[in-house]
Ligand SMILES: [Zn+2]
């Protein structure tokens with residue numbers, strides 16, 4: 001009897017094992033999402049783990065409640081180290097982006113219990129303060145936003161009566177994108193005439209969560225004089241690199257604060273984008289040096305020049321003089337499951353920053369080197385040229401003529417872009433689009449290449465029309 005059961009079960013187990021070991025970056029990942037999701041910490045497990053780390057750390061790690069969510073869950077921060085420079089790290093501000101807390105607990109456990117030289121150096125040179133999971137309510141139901149229905153907002157801030165909901169409020173989910181709720185004026189209180197605002201405006205500190213992170217930032221600033229660095233941990237889509245077509249395995253960024261030559265932020269002289277790029281570079285170096293593999297998928301995160309989001313936590317803190325870094329991991333929850341390699345990559349990036357803060361090596365990095373990391377989006381004509389080259393190598397065109405006519409067109413566009421003749425760039429990019437349409441009709445180009453190149457041409461047209 002038993003034998004028969006195993007005969008049936010074993011092939012099934014083998015298939016199951018195979019599915020579970022498939023990387024979430026391959027399309028099959030969603031098949032195992034139920035089981036994979038169970039491996040992310042629940043709120044109770046998070047609290048239990050934090051308390052355990054504190055207990056086992058012989059006083060090295062201190063865990064505190066920094067505030068309460070709208071649904072009255074306690075939000076925790078952990079502090080470790082005695083250095084003069086503060087590294088503030090925030091995870092899970094978006095409830096459906098769950099690898100941050102896992103990586104932070106791994107790092108805290110090591111800092112709390114290990115006596116290896118790396119942990120010692122960091123404990124002595126840096127003070128690390130980490131909020132593993134800021135959006136505790138959103139994480140419970142795996143949604144991006146917190147839970148704070150507009151009616152409750154009205155009850156909380158009667159002075160906003162009659163206002164349209166803030167632009168980053170989701171009617172459908174009854175809550176806010178907390179990472180748009182920040183304001184570089186850290187004492188800002190919401191007033192009727194500022195709402196509903198736009199993405200290019202600062203946020204309003206409407207949520208408990210943004211306010212508790214802001215308050216923690218201000219407390220640390222009072223204690224240390226400055227919050228040296230801030231890292232925010234996220235998940236994104238699943239892009240591939242322009243040049244090689246390889247999966248992006250982690251994307252890193254400095255703050256999106258518009259074109260750097262604009263005067264919009266002149267009133268914020270502490271903003272130092274180059275410093276943020278040095279910290280971002282330190283993270284990328286950490287991902288590579290603490291890994292056993294080469295990590296070719298370490299990339300820059302989407303950062304067209306004109307991207308301008310002052311209401312993000314990292315932007316508001318950067319305007320106050322903090323170096324800030326964004327980590328974006330591929331694949332959000334629940335569609336993408338727990339991935340240990342990805343979590344380790346986040347931890348390694350954090351070590352890259354922390355170790356270089358501890359020995360001050362971070363000040364001697366060249367911020368421009370960060371800009372040499374591979375990209376997965378288009379910001380200029382040469383990116384489109386790179387894409388055509390890759391698509392040609394991947395066999396996305398029917399013949400060489402199709403490739404040649406595109407490269408000829410692109411050479412012309414590039415020529416006019418260099419001379420900054422915007423009208424001609426737009427005109428020739430429009431004719432590039434017509435060429436792509438013809439190629440599609442004649443089945444000379446794959447759907448995939450056509451869609452990407454057309455989208456990117458649209459972006460270039462829009463960018464040059466505005467210039
Ligand atoms: Zn996010």
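Just so you know, all these numbers are worked out from the coordinates, no wet-lab data involved. None of the values given here were measured: they were computed from a predicted structure. Here Cβ is always computed from backbone atoms with ideal geometry, including for glycine, and neighbour counts include all displayed protein chains.
Projecting the alpha carbon convex hull of the range 92-231 along each direction and taking the average yields 9.6 nm². Overall form of the range 270-367: oblate. Here a/c, set by the Cα gyration tensor axes a ≥ b ≥ c, is 1.5 or more, and a/b is not larger than b/c. For the chain, the relative contact order is 16 percent, taking Cα pairs closer than 8 Å that sit 6 or more residues apart in sequence and dividing their mean separation by the residue count. Sorting 425-434, 57-66 by their mean Cβ neighbour count within 10 Å, with the most densely packed peptide first, gives 425-434, 57-66. Computed from label points 7 Å out along Cα-Cβ, the spacing between residue 170 and residue 423 is 4.5 nm.
Here the spin labels are modelled as points 7 Å beyond Cα on the Cα-Cβ line, and at residue 187 and residue 223 they lie 2.2 nm apart.
Look at the Cα gyration tensor of the range 423-467: its axes a ≥ b ≥ c give a/c of at least 1.5 with a/b at or below b/c, and that counts as oblate.
Working from the alpha-carbon coordinates of the chain, get Rg over Rh, Rh being the Kirkwood radius. In the chain, Rg relative to Rh is 1.00.
Here the extension length gained between residue 270 and residue 115 equals 52.1 nm, from 0.36 nm per residue of separation less the Cα-Cα distance. Note: the range 160-247, Cα convex hull, 153 Å³ per residue. A compact globular protein would have a Cα radius of gyration near 2.2 N^0.38 Å; the ratio found for the range 173-224 is 1.19. Were the residues from residue 340 through residue 369 laid out at 0.36 nm apart, the gain over their Cα-Cα distance would be 7.6 nm. Summarising the label geometry, the points placed 7 Å from Cα in the beta-carbon direction at residue 37 and residue 382 lie 4.4 nm from one another. Here's the picture: a label point sits 7 Å out from the Cα of residue 292 along the beta-carbon direction, and within the range 305-343 the residues with their amide nitrogen under 12 Å of it are 341.
One quarter of the convex hull surface built on the alpha carbon atoms of the range 290-436 amounts to 13.2 nm², the projected area averaged over directions. The average projected area of the range 381-466, computed from the convex hull of its Cα atoms over all directions, is 4.7 nm².
Taking the number of other C-beta atoms within 10 Å as the exposure measure, put 446, 187, 315 in order starting with the fewest.
Ascending number of Cβ neighbours within 10 Å: 187, 446, 315.
Legend: calculated FRET efficiency, residue 84 to residue 155, from the Cβ-Cβ distance at R0 = 41 Å, rounded to 0.05, equals 0.45.
With contributions of -39500 (n - 2.57) from each DSSP H run of at least four residues, the per-residue ellipticity at 222 nm computed over the chain stands at -14500 deg cm²/dmol.
Its Cα gyration tensor gives the range 113-173 an equivalent ellipsoid; the semi-axes, largest first and in whole Å, are 41, 15, 9. Label point 7 Å out from residue 393 along Cα-to-Cβ: which residues of the range 206-242 have amide N under 16 Å? Residues 240-242 qualify, since their backbone N sits under 16 Å from the label point.
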